[in-house]
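Read the structure below first, then the notes.
The values are calculated or read from the model by the stated rules, or taken from the named source; none is laboratory data. Bear in mind the structure is a predicted one, so any value in this text is a computation, not a measurement. As a convention, Cβ positions derive from the backbone with ideal geometry for all residues, glycine included, and neighbour counts pool all protein chains shown.
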Amino acid sequence: MTNVIQIVGGGLAGLALGIGLRERGVSVVVHEAHNYPRHRVCGEFIAGLTDETQDLLGIRDSLSDAQLLTRSIWRLGDRVVYEQQLPRPALGISRYSLDARLAERFVALGGDLRIGARLGPTEDLPGWVWSQGRERCESEWIGLKMHCQQLDLDSELELHLGAQAYVGLAPVEGGRVNVCGLFRQRPVAATSRVDRLPAYLDACGLGTLAVRVRGGQPDSVSAVGVTALSYEPSQPDGCVRLGDQSGLIAPFTGNGMAQALEGAALALEPLTRFAEGQGGWQQTAAEINERLQKSFRHRRAIARWLHPWLLSPPKQNLLAVLARARLLPFDVLFRLTH
């Protein structure tokens, strides 16, 4: 191979891309700031990922024991407003487990994984791919996540709508349940790290869920949070950006993990050709960005339009009325955002 591919960020997109490139004999370096395993704020269910994408990247074995999720329930406060069979099954697996598996697989294939590497601002450098997570920005939102070790679910997936908030519950490995929510930042009476998420649940009117979480043997080590969240469209700048670096999709879709992996798959062929000395970098980057825009632009736009309906109490109430009357085309909306 003529060119080495340098990937900044060893999350889902970076590691999956690295694995796919190593399967094709490409020399790859992945630069990652943190060690594995590591808890990340994430819904930890993958909706919309095809077997073909898994096979293209060479990651199917890493997902072989993921929880298969087929049903979901939606609640507004304590009221059930909708239950559905998912149009396609989703997969439940923690980032703590999956990222570590992918890192191990990448290294086993001969990839160069450099832990503790903190690189500077992104630049449009030949052969460099940027997948180090979301861009930092001013934001009024906070994402919080925590695992519960003993929490019974009402369905394989639960989505709870609160005042300026929504929260998803999904089973992951080891009998654990991942509780992950998006909240408008506000003062809360949290007495400890492990109580921060339940305190936010109380503050947004989800007190019953807060009781369930507090009584579900929450794991304090898994309690993490992020701010600086923006769901506005990103502006292409000539760099190759994958995963959250290329923009965030509203988390209610469950499509963020799938998009990270799909983006890696879309970049695989052009980067392999570049590594073989076929074509220049500007041409390669332009092709990848065009593929990403074509695949993700519409579903992100639709998710962005729907997002306020899940956060505003008046709109939530209207959604609940329409859902109970079976007037919402959930299957169509699922297909449009996946």
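Can you tell which of Val28, Val4 is crowded, with 23+ Cβ neighbours inside 10 Å, in contact (Cβ under 8 Å) with a residue 24 or more places away in the chain, of a type outside the set (Gly, Ala, Ser) and farther than 23 Å from Thr337 by Cβ? Just one listed residue meets the conditions, Val28.
Under 30 Å from Gly205 (Cα atoms) and either free of Cβ contacts under 8 Å to residues at least 24 places away in the same chain or of a type outside the set (A, V, I, L, M) (or both) - does that describe any residue in segment 44-66? Can you show your working first?
As a first pass, look at segment 44-66 and keep what is under 30 Å from Gly205 (Cα atoms): 44-47.
With either free of Cβ contacts under 8 Å to residues at least 24 places away in the same chain or of a type outside the set (A, V, I, L, M) (or both) added as a condition, the list becomes 44-45.
Yes; the residues of segment 44-66 include at least one that is under 30 Å from Gly205 (Cα atoms) and either free of Cβ contacts under 8 Å to residues at least 24 places away in the same chain or of a type outside the set (A, V, I, L, M) (or both).
Within segment 185-209, the residues that satisfy the criterion of being among the aliphatic types (A, V, I, L, M) and farther than 27 Å from Leu248 by Cα are Ala189, Ala190. Scanning segment 77-87 for residues that are more than 23 Å from the chain's Cα centre (by Cα) and of a type in the set (A, V, I, L, M, F, W, C) turns up Val80, Val81.
In segment 122-131, the count of residues that are within 26 Å of Thr227 (Cα to Cα) and in contact with a Leu (Cβ under 7 Å, 6 or more places away or on another chain) is one or more.
In segment 233-270, the qualifying residues are those that are hydroxyl-bearing (Ser, Thr, Tyr) and assigned to a helix (DSSP H, G or I), and the one that is farthest from Trp309 (Cα to Cα) is Ser246. Residue count for segment 229-241, restricted to those that are modelled with pLDDT of 80 or more and closer than 28 Å to Glu158 by Cα: 1. Of all the listed residues (Ala286, Ala301, Ala250), the sole one being buried (at least 21 other Cβ atoms within 10 Å of the Cβ) and of a type in the set (A, V, I, L, M) is Ala250.
Can you tell me which residues in segment 173-193 are of a type in the set (Val, Ile, Thr) and farther than 21 Å from Arg75 by Cα? Talk me through it step by step, then tell me what you get.
Let us first name the residues in segment 173-193 that are of a type in the set (Val, Ile, Thr), namely 177, 179, 188, 191.
Correct list: Val188, Thr191.
For the residues Leu336, Leu268, Leu229, the requirement of being closer than 21 Å to Ala165 by Cβ and among the aliphatic types (A, V, I, L, M) singles out Leu229.
Please indicate, with yes or no, whether at least one residue in segment 107-129 is assigned to a loop (DSSP other than H, G, I, E, B), surrounded by fewer than 16 Cβ atoms within 10 Å (Cβ to Cβ) and touching a Ser or Thr at 6+ places or on another chain (Cβ under 7 Å). No: zero hits.
Out of Gln235, Gln245, Gln185, Gln217, report the one residue that is under 22 Å from the mean Cα position of the chain (by Cα), surrounded by fewer than 23 Cβ atoms within 10 Å (Cβ to Cβ) and touching a residue at least 40 places away in the same chain (Cβ under 8 Å). Break it down into steps so the answer makes sense when it comes.
On the way: Gln235 fails: touching a residue at least 40 places away in the same chain (Cβ under 8 Å); Gln245 fails: surrounded by fewer than 23 Cβ atoms within 10 Å (Cβ to Cβ); Gln217 fails: under 22 Å from the mean Cα position of the chain (by Cα).
Gln185 is the lone residue from the list that is under 22 Å from the mean Cα position of the chain (by Cα), surrounded by fewer than 23 Cβ atoms within 10 Å (Cβ to Cβ) and touching a residue at least 40 places away in the same chain (Cβ under 8 Å).
Return the residue satisfying two criteria in turn: it lies in segment 42-75 and is among the small types (Gly, Ala, Ser) and under 12 Å from Ala258 (Cα atoms), and of such residues it is modelled with the highest pLDDT. Explain how you work it out, then say what you get.
Quick first cut of segment 42-75, residues among the small types (Gly, Ala, Ser) only: 43, 47-48, 58, 62, 64, 66, 72.
Those left that are additionally under 12 Å from Ala258 (Cα atoms): 43, 47-48.
Numbers: Gly43: 95, Ala47: 92, Gly48: 90.
Restricting to residues being among the small types (Gly, Ala, Ser) and under 12 Å from Ala258 (Cα atoms), the top hit is Gly43.
Taking the condition of a type outside the set (Phe, Trp, Tyr) and surrounded by 24 or more Cβ atoms within 10 Å (Cβ to Cβ), does Leu229 pass?
Numbers: of a type outside the set (Phe, Trp, Tyr): yes; surrounded by 24 or more Cβ atoms within 10 Å (Cβ to Cβ): no.
No.
Taking the criterion of being more than 15 Å from His147 (Cα to Cα), of a type outside the set (S, T, N, Q) and at pLDDT below 95, the residues of segment 189-218 that qualify are Ala189, Ala190.
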